[in-house]
Amino acid sequence: MMKRDYYRILGISKSSNNRAIKKAYKRLAMRYHPDKNPNNKDAENKFKEVKEAYETLIDSNKRAYYDQYGHYTNSINNNDNSGFSNNFNNKSDFGDIFGDIFGDIFGNKSNKSRKGEDLFFNVNLTLEESICGVVKNIKVPILKLCHICKGSGSRPGTKLNRCRTCNGKGQIHMRQGFFTVQQTCPTCYGKGSFIKNVCEVCKGSGQLEILKSLSVKIPSGVNNNDKIKLSGEGSDNISGGSKGDLYIQIFVKKHSTFERKGNDLYCKIPISFVTAALGGDIEIPTINGRVKLKIPKETQTNKLFRIKGKGVKYLKSSVCGDLLCKVIVKTPTNLNERQKYLLKNFHYDTESNKNINNKVTEVANKIYQRSINLFNNMKKFFEDIINKC
């Protein structure tokens, strides 16, 4: 069965922000919720459709995927919860749909007390920057109040029209069984009025997108997918409340030499077969300089050496991880005739010594066995004498 376009389901444009998505969702969810439409299969299916569209578009990652590839499916991510669940008792469902209703009963907060929209911004770092810390100058697109209409969305000098649904109160009464409760007006969304003469600059939204320049201090030790919260650096609240927050998400680029696992660094170090056989000192690169590493004789390839404290510093701590170096024994190439001759003699001597050692071991074993036999014969001889006496 083909799925409808999520934006059409919610009745919003592709450029709508999270605030507009939430408003559209609450309005439609209240209309089609099964509690308000008992035994109505069409309303239940419509509710499922609205909820699925909302859960996809409100999530920045799912929305980006949907905009690029189409409908989100469980085959993309087994842990994905974008599919609708028939469980209508989910707390988040009721929190989103009835939040305004029950908030009104116990003293709903005004729009001014709510925050503006939170924003997310990705920052790419090199491994060195993530380990040592850095200050990044970024430009973030944020929503600011329109400087012409001051956030009202109406053309300067014109008045807003009173909402006829709520008679300008922004709230309507609704009966729920034995209770009569208030809810935000679905026509004006609690404003009590609507715009007749739209502001030509912001087109009635009351906000404009601008690029805000910020200097962000990235602390040392951050890792891939870490987030940094900058309070009050998000979008403005159109009703004059506090601003939203800005979340900086860290992405660390791959390094040509080092690989990070937790707070430890891993690298591969090539050594000559002479150094591997005879031992010696080599220099190891680290993020902040070079250190010496002693290679013991007869070291085999893939041997792992640990250098304490040369990894990544833990956040809010002076403790550092370790550097783990795996040595790779290099096979010599492009040998001249003399070098080949020496290697062949070395191989011959090694095999000869091996044969000699084997022969010596064989003779020693024979002598040892003869001694054991002689001892056993003498023991038996003396035992016979004692028995005869």
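Computed from the coordinates by the stated procedures, all read-outs in this text should not be read as laboratory data. Just so we're clear, the structure is a prediction, and the values are computed from it rather than from any experiment. Every residue, glycine among them, receives a Cβ derived from its backbone with ideal geometry; neighbour counts consider all protein chains shown.
Panel order for Leu293, Leu125, Leu143, by other beta carbons found within 10 Å of each beta carbon, from fewest to most: Leu293, Leu125, Leu143.
Among the trypsin sites (Lys or Arg not before Pro) in the range 222-261, those placed in a DSSP loop whose Cβ has at most 10 other Cβ atoms within 10 Å are Lys254.
Here Phe258, Phe273 are placed in order of increasing Cβ neighbour count within 10 Å, fewest first, which gives Phe273, Phe258.
Taken over the range 224-326, the alpha-carbon convex hull comes to 108 cubic angstrom per residue. Just check the range 183-222 against the gyration tensor rule for me: Cα atoms, a ≥ b ≥ c as the square roots of the eigenvalues, rounded for a/c under 1.5, and otherwise prolate or oblate depending on whether a/b exceeds b/c. Oblate shape, in that a/c is at least 1.5 and b/c is the bigger or equal ratio.
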